[in-house]
Every structure is written in C-alpha cells, then in structure tokens.
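Undergrad: Okay, here's the structure, questions in a sec.
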C-alpha cells in the first residue's frame, strides 16, 4: 500500500485524485487547502489529516518521514504552485504526481530534472487523454495510415465573469488561456502527430486565443475560448455551454465519453513506474510558453471561427 498526500483538496479536480487513490488500494494520509470546504474527503479517507497552512502540512509530513514514510504527493493546486510543491515533494523523499500543466516554463522542467537526479525521486504528471481508449485506438490507426493530416481543433468552454477575476485570469499564475484550458489538447496533438515545427498565433485575447501550428505529421488550425457566444447555436439550444471538436481531414473525432476512470488508470500506471514523466510533457509546456510570447500575426490558414 502506497501512502499519499494531496494538495488542493478543495479544488474541482481533487475528488478524482481521492477516488483514484482509493480505487488503486492506497491511502491518503494528509491533505492541504487554504479553504475548508473539503467534506468530500469523508467519502474516501475520513482519517486523513487536514491542513489549511502549507507550513503545518509540510512540517507534519517531514516529522512522519521517520515513521511509515510518504510515497507520493498528489498536486491539484493552481498552476503557479505546481513547481514549488513538486520541489517540496522531492525534498520530502516522495515522488510528485501533478496535474496539468506540470509547470509553466521549460526552464522549470529542466530544474526539476536536475532535482530528480539529485534526490532519486520522480516527477509524474496526469496526461489522462493518453489513456483514453478511443484516442489510443486513433493513435494506432494514424500510425498505420501514415501520411500528413490536416487538423482543426476547436474548444469553447463558456465561463462566467468570475473566471478572469480569479487566478485563472492572471497569466502569471495560470499561464494564460492556452495553458489553462488548452495544455491537454496541445499534448494530445503532439502525442498523435509529433513535435511542433512551426507556430503562429493569430489572436491572443483574454477570452480567445487561436493560431496555427505545423507538426511533424499534421497541420493544425486551433481555436480556444471561454466566450460562450462561440458555442454553435445548435449546441447552445441543447443547454450546453461547452463545444469540443477535433477533425482530421474533415472527419470529426468523437471522444466526449469514457472519462470516468482515466485518473485511476493514470495512477495505476504511475504506481507501477509506467506513468508520464517530465519529458512526456515537454512539448506541450514549450508550446504553451511560446503561445504566451509569440507576437500575433502570421499568414497560415486561419481557424474558421476567426472568419465569423
């Protein structure tokens, strides 16, 4: 049985981590969040210690190293806290299992690689789309087909006015729109089609970011937004505020279902040493960092939503 600690216990994604720890037969020994709305812990690990102060959380884990020890720290906090909390985990003698984006810059990846070597511990991340059965099948099909593809990626998730006033709307803390809501799609594209060879940003605004990238085996026009007005009318008519679409050579790829147990599968792989590490996430981190800095412009084909 592995012993876990969890940061960001009051967050949206934390219950998936608790569920995964439980379903893989392991134990949550301590949890951290500055907010106290964490009653969900009772459904999984009512005996877990809980802290609202990072210093007390870290001290508790440090004091218990000589006892049963700690195997993993699961990190589900706002993006800018990932890097320091991963460092804390490794210094405590535990592996880190961190939500996306793992970190906000490629230089942080490099520093973590050095710390892995110094401590002998590992940094893992949650790239759950890579274990989605439909997407695993798609990757196998693309490998068999060969050839270069033309891809259109569209992701619109309607968010209220709160979004831009929270840490998510602060580029320094979230990494910006492409990082916060898009990093898993950029990882998916690199996993399916290879490394990014060329990148253009056509629009970079608070609610919309869009551009074009050339990968080894595909050209991709991409569009990300939190503006609900971009959700197609027929989708909004069904009461939905989110629209997700990926087309490959004009054929839409369906993968909206099958997400229920993906975190649990990532945990299973991680515990057996077959999870996703620093280098697995490098292309997506590099891409989103470049999107923050590339001057908008370019001549490549624009996403159809930009012509509306």
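The values are calculated or read from the model by the stated rules, or taken from the named source; none is laboratory data. These numbers come from a predicted model, not from an experiment. Heads up, the Cβs are rebuilt from the backbone with ideal geometry, glycines too, and the neighbour counts pull from every protein chain shown.
Undergrad: Go through 55, 117, 150, 62 for me and flag whichever is under 28 Å from residue 303 (Cα atoms), over 21 Å from the mean Cα position of the chain (by Cα) and either assigned by TED's automatic domain parsing to the domain that holds residue 234 or part of a helix (DSSP H, G or I) (or both). Walk me through how you get there before you give the answer.
TA: Working: 55 fails: under 28 Å from residue 303 (Cα atoms); 117 fails: under 28 Å from residue 303 (Cα atoms); 62 fails: under 28 Å from residue 303 (Cα atoms).
Result of the check over 55, 117, 150, 62: 150.
Undergrad: Can I ask one more? Inspect all residues belonging to segment 63-70 and state whether any of them is crowded, with 16+ Cβ neighbours inside 10 Å and within 19 Å of residue 16 (Cβ to Cβ). Explain how you work it out, then say what you get.
TA: At the first step, the residues of segment 63-70 found to be crowded, with 16+ Cβ neighbours inside 10 Å are 64, 70.
Subsequent filtering for residues that are within 19 Å of residue 16 (Cβ to Cβ) retains none.
Scanning segment 63-70, I find no residue that is crowded, with 16+ Cβ neighbours inside 10 Å and within 19 Å of residue 16 (Cβ to Cβ), so the answer is no.
Undergrad: Taking segment 96-117, which residues are without any contact (Cβ under 8 Å) to a residue 40 or more places away in the chain and within 18 Å of residue 31 (Cα to Cα)?
TA: 96, 98 - these are the residues of segment 96-117 that are without any contact (Cβ under 8 Å) to a residue 40 or more places away in the chain and within 18 Å of residue 31 (Cα to Cα).
Undergrad: May I ask you to say which residue of 285, 271 is under 16 Å from residue 186 (Cβ atoms), in contact (Cβ under 8 Å) with a residue 24 or more places away in the chain and not assigned by TED's automatic domain parsing to the domain that holds residue 73? So that I can check it myself, show each step before the final result.
TA: Numbers: 271 fails: under 16 Å from residue 186 (Cβ atoms).
Among 285, 271, only 285 is under 16 Å from residue 186 (Cβ atoms), in contact (Cβ under 8 Å) with a residue 24 or more places away in the chain and not assigned by TED's automatic domain parsing to the domain that holds residue 73.
Undergrad: May I ask you to verify whether residue 145 is more than 27 Å from residue 303 (Cβ to Cβ), out of contact with any strand residue (DSSP E or B) (no Cβ under 8 Å at 6 or more places or on another chain) and surrounded by fewer than 15 Cβ atoms within 10 Å (Cβ to Cβ)? Before the answer, list the steps.
TA: Values: more than 27 Å from residue 303 (Cβ to Cβ): no; out of contact with any strand residue (DSSP E or B) (no Cβ under 8 Å at 6 or more places or on another chain): yes; surrounded by fewer than 15 Cβ atoms within 10 Å (Cβ to Cβ): yes.
The answer is no for residue 145.
Undergrad: Hey, among 222, 191, which residue is touching a residue at least 12 places away in the same chain (Cβ under 8 Å), within 30 Å of residue 2 (Cβ to Cβ) and buried (at least 16 other Cβ atoms within 10 Å of the Cβ)? Before you say what the answer is, go through the steps one by one.
TA: Numbers: 222 fails: within 30 Å of residue 2 (Cβ to Cβ).
Exactly one residue qualifies, and that residue is 191.
Undergrad: Hey, could you check segment 89-115 for residues that are touching a helix residue (DSSP H, G or I) at 6+ places or on another chain (Cβ under 6 Å) and farther than 23 Å from residue 186 by Cβ and say which is surrounded by the fewest Cβ atoms within 10 Å (Cβ to Cβ)?
TA: 115
Undergrad: Would a scan of segment 240-262 turn up a residue that is outside any loop (DSSP other than H, G, I, E, B) and not assigned by TED's automatic domain parsing to the domain that holds residue 160?
TA: The first filter runs over segment 240-262 and keeps only residues outside any loop (DSSP other than H, G, I, E, B), leaving 242-248, 251-253, 262.
From what is left, the residues that are not assigned by TED's automatic domain parsing to the domain that holds residue 160 are 262.
The answer is yes; a qualifying residue exists.
Undergrad: Suppose the filter is over 19 Å from residue 190 (Cα atoms), surrounded by fewer than 19 Cβ atoms within 10 Å (Cβ to Cβ), touching a helix residue (DSSP H, G or I) at 6+ places or on another chain (Cβ under 6 Å) and assigned by TED's automatic domain parsing to the domain that holds residue 146; does residue 217 pass it? Walk me through how you get there before you give the answer.
TA: Working: over 19 Å from residue 190 (Cα atoms): no; surrounded by fewer than 19 Cβ atoms within 10 Å (Cβ to Cβ): yes; touching a helix residue (DSSP H, G or I) at 6+ places or on another chain (Cβ under 6 Å): yes; assigned by TED's automatic domain parsing to the domain that holds residue 146: yes.
Considered against the rule, which asks whether it is over 19 Å from residue 190 (Cα atoms), surrounded by fewer than 19 Cβ atoms within 10 Å (Cβ to Cβ), touching a helix residue (DSSP H, G or I) at 6+ places or on another chain (Cβ under 6 Å) and assigned by TED's automatic domain parsing to the domain that holds residue 146, residue 217 comes out as no.
Undergrad: To continue, here is another question. Name, by its number, the condition in (1) part of a helix (DSSP H, G or I); (2) surrounded by fewer than 16 Cβ atoms within 10 Å (Cβ to Cβ); (3) at pLDDT 95 or above that does not hold for residue 83.
TA: In the conditions (1) part of a helix (DSSP H, G or I); (2) surrounded by fewer than 16 Cβ atoms within 10 Å (Cβ to Cβ); (3) at pLDDT 95 or above, residue 83 misses (2) alone.
Undergrad: Kindly list the number of the only condition in (1) assigned to a helix (DSSP H, G or I); (2) at pLDDT 95 or above; (3) over 18 Å from the mean Cα position of the chain (by Cα) that fails for residue 163.
TA: Here residue 163 meets the rest and fails (3).
Undergrad: Just to check your reading of the model, which residue among 302, 236, 269, 244 is at pLDDT 95 or above and surrounded by fewer than 19 Cβ atoms within 10 Å (Cβ to Cβ)? Spell out how you get there, then give the answer.
TA: Values: 302 fails: at pLDDT 95 or above; 236 fails: at pLDDT 95 or above; 244 fails: at pLDDT 95 or above.
Selected residue: 269, the only one of 302, 236, 269, 244 that is at pLDDT 95 or above and surrounded by fewer than 19 Cβ atoms within 10 Å (Cβ to Cβ).
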